[in-house]
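The values are calculated or read from the model by the stated rules, or taken from the named source; none is laboratory data. Not measured: the values here are computed from a predicted model. Cβ: placed from backbone, ideal geometry, glycine included. Neighbour counts: every protein chain shown.
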Amino acid sequence: MNTTNKKTVVITGATGAIGKATALELAKNNCAVIILGRNSEKLLKVKSEIIQVTNNYDIDAVVADLSEPKSIKQAVAEIKRKHTSLNALVNVAAIFTKSRTENSQGLEYTFATNHLGPFILTNELLDLLKAGKPARVVTVSAPSTTKINFDDINGKKKFSSGFLGSFGASKMMNLMFTYALARRLEGTGITTSVFHPGLVKSDLTKDMPKLLYYIFKTISSAPDKAAKMLCSLAVDKKYENSNGTFFKYDGKGIKSHKYSYETGLQEKLWTVSEQLSK
């Protein structure tokens, strides 16, 4: 991997399987890593493990609950107190829930965590990323085909979980957000891409129906391969100009569902997200 200068990278979901493995990989590659997670105890444990394995002491742990805009903004304020620039933001954190729950603002939990959280965090850190250019934003998603119900984006009228419900919609939002962000970042020195890690063993699927959980657990792979690729997308010079690209776990660019490329819908999602961020 080509990382000549020490890079500073923020990564969310650092206590989960992919996030932790990626943070470890970044630390091995001499990056200063700022790990985010909502559980302070777990976060500090991960920080300690990374330092122990890599002997890289440039690891900072910041508590952030991505389902809560206030918590995100507090985390950003903490990052800005310590850093004047960033080289990459890696949005990994995601949840899968069986039933509808709400955050403190009355927003559906999957939508708030998987889409609105990364949307707010990314926009709040853009000035630091511009200061650290060339810089990158990488968001973990999946090749979702689920269309967004803009009339019920909060799932109050009808809620269903899973790949055809709230989770699938949130992954479509990740794709649309990346493509809309790519347009806004043209010429700024920041690029953004989206990454599909494939089926990876993680706690994300623990709330799935038992049969589906068992099947996923059986055919999923360890997070190491995905982490290496995600690390490359974040800091390797090879991917410096990859703006608005959808990558899969082997580093090859792929096309997402045609619905995700509809710019009118991307802009509609952006507007709704901005309104809900305030």
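General observations
- Pairing residues of segment 251-269 that are more than 29 Å from LYS237 (Cα to Cα) with residues that are of a type in the set (D, E, K, R), at Cβ distances under 6 Å and at least 6 apart in sequence or on separate chains, gives TYR259/LYS147.
- When every residue of segment 228-241 is checked against the conditions, at least one turns out to be among the β-branched types (Val, Ile, Thr), under 20 Å from the mean Cα position of the chain (by Cα), buried (at least 19 other Cβ atoms within 10 Å of the Cβ) and at pLDDT 85 or above.
- Residue match in segment 114-130 (condition: modelled with pLDDT of 95 or more, under 13 Å from MET172 (Cβ atoms) and assigned to a helix (DSSP H, G or I)): yes
- Any hit, segment 249-263, residues being crowded, with 18+ Cβ neighbours inside 10 Å, out of contact with any helix residue (DSSP H, G or I) (no Cβ under 9 Å at 6 or more places or on another chain) and at pLDDT 95 or above: no
- Long-range neighbours under 9 Å by Cβ, at least six apart or interchain, first residue over 18 Å from LEU265 (Cα atoms) and without any contact (Cβ under 8 Å) to a residue 40 or more places away in the chain within segment 163-190, second crowded, with 20+ Cβ neighbours inside 10 Å and basic (Lys, Arg): PHE163/LYS171
- Some residue of segment 82-89 being at positive phi and more than 19 Å from the chain's Cα centre (by Cα): no
- Residue within segment 200-215 that is in contact with a strand residue (DSSP E or B) (Cβ under 6 Å, 6 or more places away or on another chain), surrounded by fewer than 18 Cβ atoms within 10 Å (Cβ to Cβ) and at pLDDT below 95 present: no
- Strands (runs of 3 or more DSSP E) contained entirely in segment 1-86, each with at least 3 residues that are surrounded by fewer than 24 Cβ atoms within 10 Å (Cβ to Cβ) and touching a residue at least 24 places away in the same chain (Cβ under 8 Å): 59-63
- Candidate set: segment 87-113, residues that are aromatic (Phe, Trp, Tyr) and buried (at least 19 other Cβ atoms within 10 Å of the Cβ); chosen: the one nearest to LEU24 (Cα to Cα): PHE96
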